[in-house]
Number of protein chains: 10
Amino acid sequence: MLFKVEMDVNVPLDFDPAKFEELKAAEKAKFQELQKAGTWRHIWRVVGQYSNVSIFDVESNAQLHDILVALPLYPFMDVRVVALCRHPSSLHDDDR
Amino acid sequence: MLFKVEMDVNVPLDFDPAKFEELKAAEKAKFQELQKAGTWRHIWRVVGQYSNVSIFDVESNAQLHDILVALPLYPFMDVRVVALCRHPSSLHDDDR
Amino acid sequence: MLFKVEMDVNVPLDFDPAKFEELKAAEKAKFQELQKAGTWRHIWRVVGQYSNVSIFDVESNAQLHDILVALPLYPFMDVRVVALCRHPSSLHDDDR
Amino acid sequence: MLFKVEMDVNVPLDFDPAKFEELKAAEKAKFQELQKAGTWRHIWRVVGQYSNVSIFDVESNAQLHDILVALPLYPFMDVRVVALCRHPSSLHDDDR
Amino acid sequence: MLFKVEMDVNVPLDFDPAKFEELKAAEKAKFQELQKAGTWRHIWRVVGQYSNVSIFDVESNAQLHDILVALPLYPFMDVRVVALCRHPSSLHDDDR
Amino acid sequence: MLFKVEMDVNVPLDFDPAKFEELKAAEKAKFQELQKAGTWRHIWRVVGQYSNVSIFDVESNAQLHDILVALPLYPFMDVRVVALCRHPSSLHDDDR
Amino acid sequence: MLFKVEMDVNVPLDFDPAKFEELKAAEKAKFQELQKAGTWRHIWRVVGQYSNVSIFDVESNAQLHDILVALPLYPFMDVRVVALCRHPSSLHDDDR
Amino acid sequence: MLFKVEMDVNVPLDFDPAKFEELKAAEKAKFQELQKAGTWRHIWRVVGQYSNVSIFDVESNAQLHDILVALPLYPFMDVRVVALCRHPSSLHDDDR
Amino acid sequence: MLFKVEMDVNVPLDFDPAKFEELKAAEKAKFQELQKAGTWRHIWRVVGQYSNVSIFDVESNAQLHDILVALPLYPFMDVRVVALCRHPSSLHDDDR
Amino acid sequence: MLFKVEMDVNVPLDFDPAKFEELKAAEKAKFQELQKAGTWRHIWRVVGQYSNVSIFDVESNAQLHDILVALPLYPFMDVRVVALCRHPSSLHDDDR
C-alpha cells in the first residue's frame, strides 16, 4: 500500500553539529536499506527546504508507523502522511 | 526538472454529468499522452478525495504551466505546485 | 487496516428535499451493509454538526477509496482520512 | 457520554529520557486503569505521529476534564476535545 | 452539563425576506421556550456580526445535538460547540 | 458593557512549580475580588484545556484592558476579547 | 469608547449595478451623518481592496452593533471589530 | 502616505525586567518624537493585548521601514503593515 | 515607490467566454499602457495558476489603488498588496 | 528559469550580535556575487520586516536548491519558493 509522506527537518540553531552529522549518516543508511527493500519507493527534495516528499510502499499502516518513528532524525521532524492508491488512468502496471 | 503537482477536482452539484464525462475522457487521453512522453511521470489518487498527487518531469517552468492550464479539467481544479529536485541519498540513478 | 474518516455533509439551501431524503435512505442502507460486514466499524455524530467521525477497517487503501467515493452522499461531503494503527498500550486484543 | 479526544505529545529534544520513560509508564498504567473501567473506550495511534485518537465514555464534562488534566503526560500534550453522540443509523445497540 | 455554542447566521443575498422573517420568528419562539426551561441558559450578540455566543445547560450530548439541529435557522448557521465545566474558583454555587 | 474573554494559560515545562502556585493563588484572589464586584460576571473551564471562557461586565474598554493586563497569570496567557451586547430575544432583563 | 472596525465589501458579479449604486449612495450619506456626529471618527481605504479601516467612538457596544448592522451595505460586508483604548504614551489629549 | 501598522510585543518570561523597562522608556521617547513630527499620526492600544494599532504618515515606503526597524522594541515585535489611502467619502480635508 | 501585487483571477464556470475574452483584451491593453509608463514594472505568471506576481512603481498609495480597482479584470481578482523598498545590498542603482 | 523566493530572517534575541554581523557580511558578499552573475536577479525589502522578496533566474531546480541552502543566513530563514514563468502580455523581451 502506498502513502505520500512529507518530512520537514527542524534543527535547533544550537544543536551539536557533530552529533547531527552522526544522525544524518544513520538516517541515510536507514533510508538506503529501505529503498533497496522497495519500501521507501521514492524520495525527492523540496527546493529551498530541509524537507522531502516520499512515497512508501508498505504492508500495513502499522509497518509505516514503525518505520517512521524509528528514523534517526524523527525527533527533529514534522511528518505529514497521506494515504494513496493506484490511479485508474495509469498505463504503467507497476506504477506504485 | 521535477515538480510535485497536487490537483483537487471540484464539480458543482448541478453540472451536466454527460458533459463532465466528456471532459474526463479528454483528460484521461491527455494524461496518457503525457505519461507516454515521460512528462507526467507519476500519478496517484488520494484516498477519499477527488484529488491526485503527481510528479512532472519537464524542460522548464513554462512547459509545466502550459501543460497544466490546457488540461480539460483545469477549470474545475485547485492546483498546488512544488519544485523538487533529486535527493542525494537516492541509490537509483534514474529516480526522477 | 484502520482509518479515521470524518465526513461533513453540506446541503445547498435550495436542494430538493425529497431527492435528498432518497439519497439519505440510500446512504443509510449502504452504511448498514458496511457496518454488518465489519468494514465501517464505528460511527458517531458530531454534536451540533451534520458530520460524523467514523472508523473503517479495510483490506487496503484502494478498498477504502472505492467505498467512500461510492457513498450516495459523497458529492455533498468534505472528507478527511487519517491512517491509524493499533495502540500498544491497549488491553483489548480486538480493539480495532 | 461520548467524546473524541485527540492528543499530540511534544517532547523537547533535551528532556531527560529516563524521566520521560517514567512518565510514559505512569501514563500507560493510568490508561489501562481507565480502559478497564470502560471510560477510555478506544485508543488508536495516528500513523507517523506521536498522537492518538481516543473515544471517552464519561458521566459528565467535568469528569472528562479531571481525567485529562491528571494524565502524567498532560503537560506535554496538545489536546482537542469534540462532543459526540450515538449515530441513529447504527445497528449496534452498544455502539458507544 | 454546560456547553458554549457559537452560531453565525449566513443569509444568502437573494433569500426571500418574508420567508426569512418567518424563520426568525420561529427561532425566537423556540429560543424563549428553551430559555424558560433553563436549557439555553445565556445568549449574547456578537458586536457587528449576525452571530451569538450562547451557554447551554443540557442532560447529555445527544440532547444538545437534537436541540441545535432542530433550530429553525439551523440550515443557515455555522455552529461551534465547546464543552465547558464549572470553574473551581467560582464563588457562585449556581454559576452554570 | 459585556465582553467575552477567552484565556489560555501556557506554563513552560521548566517553570518553578512553587512560584507558579503562588501566582495561581494570587490569580484566584484577584478573580474572586472581581467576581464579587460583578465585573468578572462568569467563568467556565474549557474541558481538557488550561483555558477559560469568561464574561466581563465593565464600564469601558480601558477598564477591561487594565484588569486583564494586571492579572497575575497574564504573562502566561493568550487572550481573545470579543465585544458582546444584550440579545433582543432574551426574556431575562438582567441577562448580562 | 473606541473600536477598530474593518469592513470588506463583496459584490456578486451579477448584482444589479444600478441597485448597488443606490446602496452605495445611501451608505455614503449614512457614513457622513455618522462622521459629522463624531461617531465614525476615521475612515481609510485599504489599497487594492474594496475594504476600509475605520475607528468608531461610541457610547456602548450596543450602539456600535446597531450602527453596523443598519449600514446599507452591511449585507455585502465581512466585518471585524476590535476593542481599543487610549494609549498612555500619546501626547494628544484628544487622541481618540 | 498613510499606513496602518499593527505591532504585537512578545516579551520572553525570563527577560530581565530592568532591561525591558529601559527599552520601553526609549520606545516611548522615540514614539513621542515621531508623534510630534506628525509621522506616527495615531496610536491605540488593543484591549487585553500588548499590541497597538497605529497610523503612520510618511514620505515613502523606505522612510516607514527605517522608522520601524529602528524602534527600541522592534526585536520583540510582530509587525503587520497595510497601505492605506484617503477615503473619498470623508468630509474632513485633513483626515489622514 | 515599490509594491508587490499578487493577483489571482477567478472565473465562474458559467461566465460568458466571449465577454471574458473582451475583458482579457482590455486588461492586456491597460497592462501594456502601464508597463510602457514604467508603472507596472514587472509581471510574472505563477506556474499552474491563473495568477501573477507583479511589481508596481507608483507615486503614492492612492495612485496604486486607483490603478488596481480600475483594471478590467478587477471584479474577478483576489489581490494582495505588500509595500517594498530598495534593498541596501543591491548593486544596481536602478533596481526598482 | 524564474522563481520568486521570499525569505524571512528570524534572529533569536540572545544570539551573539558580533557573530550575526559576520554572517550578514558573508550573506551580503554571497548575494552580490549571485547578483553579478545574473542568478539573483532582483531583491526587495519588505517594509517593516526582516524579509525580502527575490527573483532568481536559474538553470534548474537543483541549482536553486543548492544556492539557497548554502546562504550564510539560511539556518535563520523561513523560505517560500514559487515557480514563475514569463507573462505573455509583457512587452519587454528580456523581462525575466
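The values are calculated or read from the model by the stated rules, or taken from the named source; none is laboratory data. For clarity, every value in this text was computed on a predicted model and none was experimentally measured. Positions of Cβ are backbone-derived with ideal geometry, glycine not excepted, and every protein chain shown enters the neighbour counts. Ligands, DNA and RNA are excluded from the accessible area calculation, which covers all protein heavy atoms including side chains. Shrake-Rupley method; radii C 1.70, N 1.55, O 1.52, S 1.80 Å.
What's the number of the condition residue C:26 fails, among (1) in contact with a Lys or Arg (Cβ under 9 Å, 6 or more places away or on another chain); (2) open to solvent by 10 Å² or more (accessible area, probe 1.4 Å)? Every listed condition holds for residue C:26 apart from (1).
So is residue D:24 within 29 Å of residue A:20 (Cβ to Cβ) and within 13 Å of chain C (Cβ to nearest Cβ) or not? Criteria met by residue D:24. In region E:30-40, the residue that is surrounded by the fewest Cβ atoms within 10 Å (Cβ to Cβ) out of those that are of a type in the set (A, V, I, L, M, F, W, C) and more than 9 Å from chain F (Cβ to nearest Cβ) is E:37. Any chance region J:68-78 includes a residue that's more than 11 Å from chain I (Cβ to nearest Cβ) and part of a strand (DSSP E or B)? Yes: region J:68-78 contains one or more residues that are more than 11 Å from chain I (Cβ to nearest Cβ) and part of a strand (DSSP E or B). Any idea which of (1) within 7 Å of another protein chain (Cβ to nearest Cβ); (2) closer than 18 Å to residue E:82 by Cβ; (3) part of a strand (DSSP E or B); (4) open to solvent by less than 10 Å² (accessible area, probe 1.4 Å) is the one residue D:81 doesn't satisfy? Just one mismatch for residue D:81, condition (4).
The single condition among (1) among the aliphatic types (A, V, I, L, M); (2) facing chain E (nearest Cβ under 9 Å); (3) part of a loop (DSSP other than H, G, I, E, B) that residue F:55 does not meet is (3). Under the condition of being touching a residue at least 60 places away in the same chain (Cβ under 8 Å) and within 27 Å of residue I:84 (Cβ to Cβ), the residues counted in region H:1-45 number 10. Whenever a residue of region F:62-75 is over 15 Å from residue F:52 (Cβ atoms) and in contact (Cβ under 8 Å) with a residue 12 or more places away in the chain, its partners that are hydrophobic (A, V, I, L, M, F, W, C) and buried (at least 18 other Cβ atoms within 10 Å of the Cβ), lying with C-beta atoms within less than 7 angstrom and at least six residues away or across chains, give the pairs F:64/F:3; F:64/F:56; F:64/F:58; F:64/H:47.
Screening residue E:48 with (1) more than 13 Å from the chain's Cα centre (by Cα); (2) open to solvent by 10 Å² or more (accessible area, probe 1.4 Å); (3) on the phi > 0 side of the Ramachandran plot; (4) not aliphatic (A, V, I, L, M) gives one miss only, at (2).
Checked against (1) within 14 Å of chain E (Cβ to nearest Cβ); (2) under 15 Å from the mean Cα position of the chain (by Cα); (3) open to solvent by 20 Å² or more (accessible area, probe 1.4 Å); (4) of a type outside the set (A, V, I, L, M, F, W, C), residue F:63 passes all but condition (1).
Only one of the listed residues (F:53, F:58) is touching a residue at least 24 places away in the same chain (Cβ under 8 Å), open to solvent by less than 10 Å² (accessible area, probe 1.4 Å) and in contact with an Asp or Glu (Cβ under 8 Å, 6 or more places away or on another chain). That residue is F:53. Of all the numbered requirements in (1) in a helix (DSSP H, G or I); (2) without any contact (Cβ under 8 Å) to a residue 12 or more places away in the chain; (3) small (Gly, Ala, Ser), residue I:48 misses one, and that requirement is (1).
Against the list (1) at pLDDT below 95; (2) in contact with a strand residue (DSSP E or B) (Cβ under 7 Å, 6 or more places away or on another chain); (3) open to solvent by 20 Å² or more (accessible area, probe 1.4 Å), the condition residue A:95 fails is (3).
Report whether or not residue A:10 is open to solvent by 60 Å² or more (accessible area, probe 1.4 Å) and more than 10 Å from chain B (Cβ to nearest Cβ). If you could, list the steps in order and put the result at the bottom.
Details: open to solvent by 60 Å² or more (accessible area, probe 1.4 Å): yes; more than 10 Å from chain B (Cβ to nearest Cβ): yes.
In short, yes.
Within region D:33-46, the residues that satisfy the criterion of being under 26 Å from residue A:67 (Cα atoms) and of a type outside the set (Val, Ile, Thr) are D:42, D:44, D:45. Residues in region J:53-63 include at least one that is over 30 Å from residue I:28 (Cα atoms) and hydrophobic (A, V, I, L, M, F, W, C). The residue list J:88, J:17 contains one member that is more than 7 Å from every other protein chain (Cβ to nearest Cβ), more than 15 Å from the chain's Cα centre (by Cα), open to solvent by 40 Å² or more (accessible area, probe 1.4 Å) and closer than 25 Å to residue B:65 by Cα, which is J:88.
What is the number of the single condition among (1) more than 10 Å from chain B (Cβ to nearest Cβ); (2) open to solvent by less than 60 Å² (accessible area, probe 1.4 Å) that residue A:43 does not meet? Here residue A:43 clears every test but (1).
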